[in-house]
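Notes follow once the structure below has been shown.
Since every read-out is calculated from the coordinates, none of them should be taken as a lab result. Everything numeric here is computed off the predicted structure, so don't read it as measured data. Cβ sites come from the backbone with ideal geometry, for glycine too, and all protein chains shown count toward neighbours.
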Amino acid sequence: MKYLLYMHGGSGNHGCEALVRTTSNLIRKIDNSNILLWSGAKDEEYKYGADKVVDTVVSEDEIYEKNPVFVSALLKHKLLKNKNAIHQAFLKSVFKDRIAISIGGDNYCYSWSAKHGSELDKTARKYCKKNVFWGCSIEEEFLTSEVIEDLKGFDLITVRESLSYEVLKKHGINAERVSDSAFLLEEKLLPLPQGFVEGNTVGINLSPMINDYESNDNLAYKNYHRLIEYIINDTDMNICLIPHVVWNITDDRKPLVMLYNEYKGTNRVVMIEDCNCEELKGYISRCRFFIGARTHATIAAYSTCVPTLVMGYSIKAKGIAKDLFGTYEGYVVPVQSLKNESDLTDKFKFIIDNENSVRNHLKEIMPEYKKKALYAGDLLQQL
């Protein structure tokens, strides 16, 4: 069978990379499949090694001169001034006769992505064998009639948390509950940098996206600032700043470098350089606690049983925490609800006070929780 992974912006978002790796592994368990990855940043796949888990990586800026579909499209473009011909030829070439899996699970978490996803899915269904929406989360406010129609057109939808599942049920959209496939990601252990004390270091991830959701100017950053002050002044733990997305348009390193420069003089704060998602998970797994904004950074922590606090900005953070702990209260700090500079620190104190029970709970439930991620592969096989 032939598969296409699409709606992938590039592995510079290491959550996206984790989905490419783990989804491909689940597909390989079905049969000796051919997997094509359509990437928005092909060079990133080679940089981080994601190209090794698929058969071929393509991007839309490539023209296949030996492909008759593209030759015909090029003639239409030149002779008939049909500027869209090459784009449509590319779409036909990647979707044709494949099981097309949209791995952009966040497509309907943000207003800017919902419309683009709907339009692309309609084109996919003209050519593909089956169309799958993989490990998604859904914000109800973006469920326009057009989006609902699009979602009902998928042959299979897998949902990674219960809150989004309830949203889909409410609107009569069939879906299957699973866990995010990134819970199955392997970890690679690189040497720890000087200052990273294994088992007594707090991993911190900060996304520039949280500034888009907070109600008060720069309050989220101020919360991280206060948190670091507390860790340095009131505990014996060190701090490791860990970026998980390094795209120019949304680069975790920008706010993290600001924090690093403020506190590097304490000799208690280190910062991890950019590396692939398996290596990042290796660092996160050796933290005592983890505080993160990026969903897949927190999944790396949860899946290695590190007590975790999430600075959340969408339904996916709440939904995953609720499924793990029965509630997201105490485990997620919604950015939109921040009122004081100490909000994040106050919630972190709860995690510290309940460290052993949180870690033991994760150890107890994680094997079964990961089976739900494997179940997504079973659904794909049935399809």
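Things to note:
- P(r) tail for the range 229-383: Cα pairs beyond 24 Å make up 36% of the total.
- Cα convex hull volume per residue for the range 182-247 (Å³): 141 Å³
- Distances between placed amide hydrogens fall under 5 Å for R177 paired with V159, all partners being 5 or more residues away or on another chain.
- Within the straight-line cut-off of under 16 Å between alpha carbons, the aspartates and glutamates reachable from K129 are D97, D121, D155, sequence neighbours fewer than 8 places apart in one chain being disregarded.
- Euclidean distance of C-alpha centroids, the range 313-366 and the range 5-32, integer Å: 27 Å
- Most to least packed among 167-177, 342-352 [average Cβ atoms within 10 Å]: 342-352, 167-177
- Of the beta bridges in the range 201-365, as assigned by DSSP with both residues counted there, near 10 percent are antiparallel.
- Pairs from the list K47/K96; K2/K363; K264/K349; K188/K363; K47/K339; K188/K371 with a Cα-Cα gap above 31 Å: K2/K363; K47/K339.
- Straight-line cross-link partners of K316 among the aspartates and glutamates, defined as a Cα under 16 Å from its Cα and at least 8 positions apart when in the same chain: D106, E139, E140, E141, E161, E166, E176, D180, E329.
- Average silhouette area of the chain, convex hull of alpha-carbon atoms, in square nanometres: 19.5 nm²
- Proximal aspartates and glutamates relative to K42, as straight alpha-carbon distance under 15 Å, when same-chain residues fewer than 8 apart are discounted: E17, D51, D55, E60, D61, E62
- The range 242-326: GluC sites (Glu not before Pro) falling in loop per DSSP and having at most 15 other Cβ within 10 Å: E273
- Helix-only mean residue ellipticity at 222 nm for the chain, each DSSP H run of n ≥ 4 adding -39500 (n - 2.57), per residue, nearest 500: -14500 deg cm²/dmol
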